[in-house]
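K.L.:
Sending over a structure as structure tokens; questions will come in a sec.
The values are calculated or read from the model by the stated rules, or taken from the named source; none is laboratory data. Please read all numbers here as calculations on a predicted model, not as lab measurements. Backbone-built Cβ (ideal geometry, glycine too); neighbour counts: all protein chains shown. Calculation scope for accessible area: heavy atoms of the full protein, side chains included, ligands and nucleic acids excluded. Shrake-Rupley method; radii C 1.70, N 1.55, O 1.52, S 1.80 Å.
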Amino acid sequence: MKPRPTGCRRLLCDSSRTSLSRSSGIDVGGLNAGVNALAAVNADCRTGGYGHELRGLSIAIKDNICTSSLPTTCSSAMLYKYQSPFDATVVRLLRDAGARIVGKTNCDEFGMGSLNLNSVHGTVINPFQAQTASNVSAARTVHRSAGGSSGGSAASVAAGICDAALGTDTGGSVRLPASYCGVVGLKPSYGIISRWGVVSFADSLDCVGILGKSVSTVKCVFDTVAVYDPRDPTAATTDLRERARPFDGSLLSVMASTHKSRFLEGLRIGIPLEFFPSELDPSVVNALRPVLRRLAEAGATITSVTVPATLYALSAYYVIASAEASSNLARFDSVRYGHRTVTPPGVTILKPGEIFAYSRSASVGKEVQKRILLGTYALTADAFDNYFLQAQRVRLHVRKDFNRVFRHPCALLAQHIPPMEGVDVLLHPSAIRTAPPLDRSEPGHEYLQDIMNVPASLAGLPALSVPAGKGDDGWPVGVSVVGQWGCDDLVMCVGKAIEDIC
């Protein structure tokens with residue numbers, strides 16, 4: 001598989017060449033001690049294959065992505081000490097390109113959660129304060145969430161454990177932690193990066209995402225792993241990738257000229273009105289305003305747009321994701337996969353259902369159990385039409401609404417005439433607030449965290465969270481750039497522009 005050609009190479013990758021070996025020789029164990037970002041540390045510090053694209057780059061891998069040299073537990077007691085006999089496609093590509101795998105990152109169990117609280121390895125602590133408030137005593141330190149489910153991946157980058165990390169994004173699990181920890185997080189277009197070797201949560205939503213200190217680093221990793229994989233049945237074909245490539249080519253060539261004062265001339269940015277709910281913290285909006293002002297000063301046109309179906313996206317997401325999870329996790333029954341619990345006296349082993357029930361109840365956490373039950377109910381004959389089919393209809397409306405605002409045609413559709421006055425990308429806050437404290441939880445609060453990121457996941461669109469300042473409490477705020485399917489390069493170019501002007 002050949003690496004995909006890249007546009008806007010000068011803008012994105014020149015600044016990353018000098019930083020690829022920055023983290024060699026660091027004390028991984030010491031840095032991890034205060035944040036619990038890694039579930040397993042790789043004792044072999046050698047680089048991977050003979051490639052030079054990522055030579056010297058240190059990368060951490062989320063614990064639900066298979067690695068042959070390290071355990072893959074999905075942060076669950078069900079897969080405790082499980083070690084895959086093979087590497088996932090993305091891991092193999094990284095190794096072949098010369099990257100150094102530093103370890104496996106902590107995450108919410110099977111990727112289910114928004115605060116990284118649901119892990120057999122313990123809670124991930126946001127490292128941001130440790131780097132900015134060293135004079136605060138341990139007794140007064142406020143531990144905040146690193147976000148989830150890829151909280152360990154974001155925290156490992158923010159803490160300096162690695163240069164970049166792989167996560168998975170089902171409904172915001174890369175972008176939300178990136179916003180909380182003050183790093184860059186990319187969810188690519190659905191099907192652009194191979195999912196072969198990734199333990200499935202929801203097949204129609206799961207994407208392998210990338211987190212890094214800068215957009216340049218994320219871009220370099222993306223160029224390595226974003227290739228067609230015939231072993232992944234959901235992978236976008238080479239023809240589809242080629243169809244999407246010309247849509248952003250003209251803008252990329254203009255934006256590469258960063259020496260111009262108005263280098264974003266011709267770029268149209270839409271601000272979706274539905275992405276400013278009542279739950280949004282005012283300090284997040286205050287951090288967004290100067291970003292918009294500087295983008296306008298650089299020549300971009302800022303306009304408001306409306307995507308009304310996204311108001312129902314969160315409800316549809318939890319129905320679809322839970323339904324698919326209930327099916328995918330059926331394999332972890334302690335017979336085909338997973339830990340088997342010793343059954344109590346009086347329980348006959350001749351009844352497989354009882355063995356399954358005892359093992360799953362003992363080895364799977366409460367949050368995963370909850371979603372399995374919800375998903376199983378949504379797929380029953382009584383609820384299928386009212387819940388699952390309705391959620392799929394909402395998903396279709398969300399996709400149509402996005403297609404109505406982008407001026408680039410959707411490569412997935414045989415015929416699609418975009419609006420003449422459409423926008424190139426959308427811009428909105430990555431989260432409704434800064435990282436929440438770990439010692440304060442409100443009923444339903446965890447599920448609300450995904451409200452900003454779920455729409456792009458339902459539509460399969462590329463989305464990038466970029467740091468955009470601080471909130472009133474001094475913690476990071478992220479803004480998300482969302483583009484049409486296949487316009488990942490354009491999304492990263494806009495993200496790089498935000499990174500430079502902020």
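K.L.:
If the requirement is being modelled with pLDDT under 70, open to solvent by 10 Å² or more (accessible area, probe 1.4 Å), assigned to a loop (DSSP other than H, G, I, E, B) and out of contact with any helix residue (DSSP H, G or I) (no Cβ under 7 Å at 6 or more places or on another chain), which of these qualifies: Pro5, Pro71?
P.N.:
Pro5
K.L.:
One residue is enough: does region 432-442 have a residue meeting the conditions in a strand (DSSP E or B) and closer than 23 Å to Ser315 by Cα? Reasoning before the result, please.
P.N.:
First pass over region 432-442, keeping only residues in a strand (DSSP E or B): 437.
Going one step further and asking which of them are closer than 23 Å to Ser315 by Cα, we end up with none.
No, region 432-442 contains no residue that is in a strand (DSSP E or B) and closer than 23 Å to Ser315 by Cα.
K.L.:
Related question: Taking Leu211, is it buried (at least 24 other Cβ atoms within 10 Å of the Cβ), within 18 Å of Ile451 (Cα to Cα) and of a type in the set (A, V, I, L, M, F, W, C)?
P.N.:
no
K.L.:
If Ala235 satisfies every condition in (1) aliphatic (A, V, I, L, M); (2) surrounded by fewer than 24 Cβ atoms within 10 Å (Cβ to Cβ); (3) at pLDDT below 95 but one, which is the exception?
P.N.:
Unmet for Ala235, out of (1) aliphatic (A, V, I, L, M); (2) surrounded by fewer than 24 Cβ atoms within 10 Å (Cβ to Cβ); (3) at pLDDT below 95: (3).
K.L.:
Ser189 passes all but one of (1) open to solvent by 10 Å² or more (accessible area, probe 1.4 Å); (2) of a type in the set (Ser, Thr, Tyr); (3) closer than 24 Å to Ala313 by Cα; which number fails?
P.N.:
Ser189 satisfies every listed condition except (1).
K.L.:
What are the residues in region 18-37 that are surrounded by fewer than 14 Cβ atoms within 10 Å (Cβ to Cβ), at pLDDT 80 or above and small (Gly, Ala, Ser), if any?
P.N.:
Residues satisfying the conditions are Gly29, Gly30, Ala33.
K.L.:
Still on this model: Within region 420-431, identify whether any single residue is modelled with pLDDT of 95 or more, polar (S, T, N, Q) and open to solvent by less than 30 Å² (accessible area, probe 1.4 Å), and answer yes or no.
P.N.:
Checked region 420-431: at least one residue is modelled with pLDDT of 95 or more, polar (S, T, N, Q) and open to solvent by less than 30 Å² (accessible area, probe 1.4 Å).
K.L.:
Right, here's the next one. For Glu499, work out the one condition from (1) within 23 Å of Asp281 (Cα to Cα); (2) buried (at least 24 other Cβ atoms within 10 Å of the Cβ) it doesn't fulfil.
P.N.:
Just one mismatch for Glu499, condition (2).
K.L.:
Just to be sure I understand, how many residues within region 91-107 are outside any strand (DSSP E or B), buried (at least 24 other Cβ atoms within 10 Å of the Cβ) and small (Gly, Ala, Ser)?
P.N.:
Residues meeting the conditions: 2.
K.L.:
Of all residues in region 302-348, how many are open to solvent by 80 Å² or more (accessible area, probe 1.4 Å), of a type in the set (A, V, I, L, M, F, W, C) and under 30 Å from Met452 (Cα atoms)?
P.N.:
Count: 1.
K.L.:
Quick one: which of Val183, Val218, Val225 is farther than 19 Å from Ile498 by Cβ, touching a helix residue (DSSP H, G or I) at 6+ places or on another chain (Cβ under 8 Å) and at pLDDT 95 or above?
P.N.:
Result: Val225 is the single residue among Val183, Val218, Val225 that is farther than 19 Å from Ile498 by Cβ, touching a helix residue (DSSP H, G or I) at 6+ places or on another chain (Cβ under 8 Å) and at pLDDT 95 or above.
K.L.:
Could you check Leu396 against (1) at pLDDT below 95; (2) out of contact with any strand residue (DSSP E or B) (no Cβ under 8 Å at 6 or more places or on another chain) and say which number it fails?
P.N.:
Among (1) at pLDDT below 95; (2) out of contact with any strand residue (DSSP E or B) (no Cβ under 8 Å at 6 or more places or on another chain), the lone unmet condition for Leu396 is (1).
K.L.:
Now, a different point. If you scan region 148-165, which residues turn out to be at pLDDT 95 or above, open to solvent by less than 10 Å² (accessible area, probe 1.4 Å), of a type outside the set (D, E, K, R) and not in a helix (DSSP H, G or I)?
P.N.:
Within region 148-165, Ser149, Ser150, Ile161, Cys162, Ala164, Ala165 qualify.
K.L.:
Is at least one residue of region 449-470 part of a helix (DSSP H, G or I), within 24 Å of Ile320 (Cβ to Cβ), at pLDDT 95 or above and of a type in the set (Ser, Thr, Tyr)?
P.N.:
yes
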